[in-house]
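To keep things clear, I will list the structure first and then write my remarks on it.
The values are calculated or read from the model by the stated rules, or taken from the named source; none is laboratory data. Everything numeric here is computed off the predicted structure, so don't read it as measured data. Positions of Cβ are backbone-derived with ideal geometry, glycine not excepted, and every protein chain shown enters the neighbour counts.
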Amino acid sequence: MSFWELIVSLLGQGLVITLLTTVLAAILALVLGFIGGLMRLSKNKFIRFIVAIYVEVFRGTSLLVQLFWIYFVLPMFGLTMSALTAAVLAIGLNYGAYTSEVVRSGIQSVDKGQTEASIALNFTRVQRMRRIIIPQAFILMLPNLGNQLIELFKSTSLVALITLTDLTYQANVLNATTLQTTQIFTALLVIYFVIAWPMTKGMKMLERKMTEGRM
Amino acid sequence: MSEPIVRYNNVTKYFDDLQVLDGIDFEIQPGEKVALIGPSGSGKTTFARLLMTLEEITDGTIEVEGDYLWHEQDDNGDLKPASTEHLRKVRSNIGMVFQHFHLFPHMTVLENVMEAPVTVQGRDKKEAKKAAEEMLDKVGLLDKADSYPAQLSGGQKQRVAIARALVMNPKVLIFDEPTSALDPELVGEVLDVIKDIADQGDTSMLLITHEMDFAKEVADRIAFFDGGKIIEDGPPSEILYNPKAPRLKEFLERFMNTQSSPE
């Protein structure tokens, strides 16, 4: 295997892990974000308090420390998991906390008149959220959600530090074995950019498509 | 006279320490069209919003067709705050058209009108579509069925909002300053639609308005609000041409002065 074939093969394997981590963590973050955001708007003080604690803990500590904690500390309490599971869990929980704030503020930004019209038409609270408020809030949230997705994607490079063989991990291995530091880390830089850039564009397009002629 | 469709009993409303309604008694008869006039801050909008359950009642009771709106009777016959189910059941008799339309921007005109019949009333989609199209035809906007609200003029938006409220078959329809947010040249088309509904329907109407000519034309009765009370209440000819209360006289004079154009 030639030098370049080796690089492409290893980085390719790493890229698959990076993308897999991104997709799984993003799904978890989105689900947690919506649940958390809606709970934050609950009438029940206790429910709001629970979410506030979750959000503050995960915003107030670093993602790297959370990764270490879930991967290295939880096993001491008998909770052992694979590096991939730990990575998805840590990143999903961390970004879920931020997403819940995006969801909350998105829902609160929808014109109060929409709620009044829904009450006048006798919608239940759940019907109102599902049919009227969330579809409009989602469009307002899109730019923020897009930014977060890209941040999340880039943050997956941290998972190399809990032995998950992602793109950054493989680049490190290659660097240690070949010592071609410039080429390898430049390639790494380019790959991250080439993925992140279309993501930005894609979110912009989605935004345009969803608002076309409507708002 | 038949049973009133709406009855306010000693209704009081506070916003924190500010009293906006002061022990109001009022009745609306089935099919009756009542216009509410008065200076801004006099309580007329809050009066109507209590009936739509957009504001919570502080004291007193409101009955709709003999059912309490904000209350329920327990086994001993004592009043307790209404459950959500009870509130929704009684509220289903009431509809409202807002000053700023509040159409659903993410839905087409047809979807706006169909949404509540399908989601809230559980009506069959085909039937609801037909009913919605009928209503849009009634307000003269069937050709805009597939447009989005953002593509309509203010007058058209308000006519869609009227169709959206009507398709639910409310027994009482509230209009909260339906033309105040419109450009002057668009006021007429909306008033025409409201007039049509008033003429053909047995829907009771509660119309908050600053259009005195229109109130005179449409209303069976006008109630004048001031300082959280209904000061005077009677047929348009009495209220507008033979006012008794000094506050009403003053209000009408000021109103005519600002309305008359210097020709």
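Matching residues to (1) within 19 Å of the chain's Cα centre (by Cα); (2) more than 30 Å from B:Val167 (Cβ to Cβ); (3) aliphatic (A, V, I, L, M):
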{"residue": "A:Glu56", "(1), (2), (3)": "yes, yes, no"}
{"residue": "A:Leu67", "(1), (2), (3)": "yes, yes, yes"}
{"residue": "A:Val73", "(1), (2), (3)": "no, yes, yes"}
{"residue": "A:Ala86", "(1), (2), (3)": "yes, yes, yes"}
{"residue": "A:Leu89", "(1), (2), (3)": "yes, yes, yes"}
{"residue": "A:Thr99", "(1), (2), (3)": "yes, yes, no"}
{"residue": "A:Gly113", "(1), (2), (3)": "no, no, no"}
{"residue": "A:Gln127", "(1), (2), (3)": "no, no, no"}
task = Determine whether the stretch B:64-73 contains at least one residue that is without any contact (Cβ under 8 Å) to a residue 24 or more places away in the chain, crowded, with 21+ Cβ neighbours inside 10 Å, within 14 Å of another protein chain (Cβ to nearest Cβ) and within 22 Å of B:Asn169 (Cβ to Cβ).
result = yes
ask   = Quick one: how many residues across the stretch A:1-36 are of a type outside the set (A, V, I, L, M, F, W, C), more than 17 Å from A:Leu152 (Cα to Cα) and at pLDDT 95 or above?
value = 1
Selection from the stretch B:160-190 of residues that are more than 12 Å from every other protein chain (Cβ to nearest Cβ), surrounded by fewer than 22 Cβ atoms within 10 Å (Cβ to Cβ) and over 21 Å from B:Ala131 (Cβ atoms) = B:Glu177, B:Ser180, B:Leu182, B:Asp183, B:Pro184, B:Glu185, B:Leu186, B:Val187, B:Gly188, B:Glu189
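Of all residues in the stretch A:1-27, how many are over 17 Å from A:Ala86 (Cβ atoms) and either of a type in the set (Asp, Glu) or part of a helix (DSSP H, G or I) (or both)? Full working, then the answer.
Initially, the stretch A:1-27 is screened for residues over 17 Å from A:Ala86 (Cβ atoms), giving A:1-16, A:19.
Imposing the further condition that a residue be either of a type in the set (Asp, Glu) or part of a helix (DSSP H, G or I) (or both) reduces the set to A:3-16, A:19.
Of the residues in the stretch A:1-27, 15 are over 17 Å from A:Ala86 (Cβ atoms) and either of a type in the set (Asp, Glu) or part of a helix (DSSP H, G or I) (or both).
Which one of these is modelled with pLDDT of 90 or more and surrounded by 20 or more Cβ atoms within 10 Å (Cβ to Cβ): A:Leu161, A:Leu142, A:Leu188? First the steps, then the outcome.
On the way: A:Leu161 fails: surrounded by 20 or more Cβ atoms within 10 Å (Cβ to Cβ); A:Leu142 fails: surrounded by 20 or more Cβ atoms within 10 Å (Cβ to Cβ).
From the options A:Leu161, A:Leu142, A:Leu188, the qualifying one is A:Leu188.
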ask   = Do you know which residues across the stretch B:145-159 are within 14 Å of chain A (Cβ to nearest Cβ) and buried (at least 20 other Cβ atoms within 10 Å of the Cβ)?
value = B:Tyr148, B:Pro149, B:Lys157, B:Gln158
inquiry  = Being surrounded by 15 or more Cβ atoms within 10 Å (Cβ to Cβ) and not assigned by TED's automatic domain parsing to the domain that holds B:Thr179 narrows it down to one residue among B:Phe47, B:Phe98; which is it?
reply    = B:Phe98
query = Which is aliphatic (A, V, I, L, M), touching a helix residue (DSSP H, G or I) at 6+ places or on another chain (Cβ under 6 Å) and at the interface with another protein chain (Cβ under 10 Å from one of its Cβ atoms), of B:Val109, B:Val113, B:Val139, B:Val118?
reply = B:Val118
request  = Give the number of residues within the stretch B:74-106 that are more than 7 Å from chain A (Cβ to nearest Cβ), outside any loop (DSSP other than H, G, I, E, B) and not polar (S, T, N, Q).
outcome  = 10
key: All positions within the stretch A:103-139 that are surrounded by fewer than 18 Cβ atoms within 10 Å (Cβ to Cβ), in contact with a helix residue (DSSP H, G or I) (Cβ under 9 Å, 6 or more places away or on another chain) and more than 10 Å from chain B (Cβ to nearest Cβ)   = A:Ser105, A:Gln108, A:Ser109
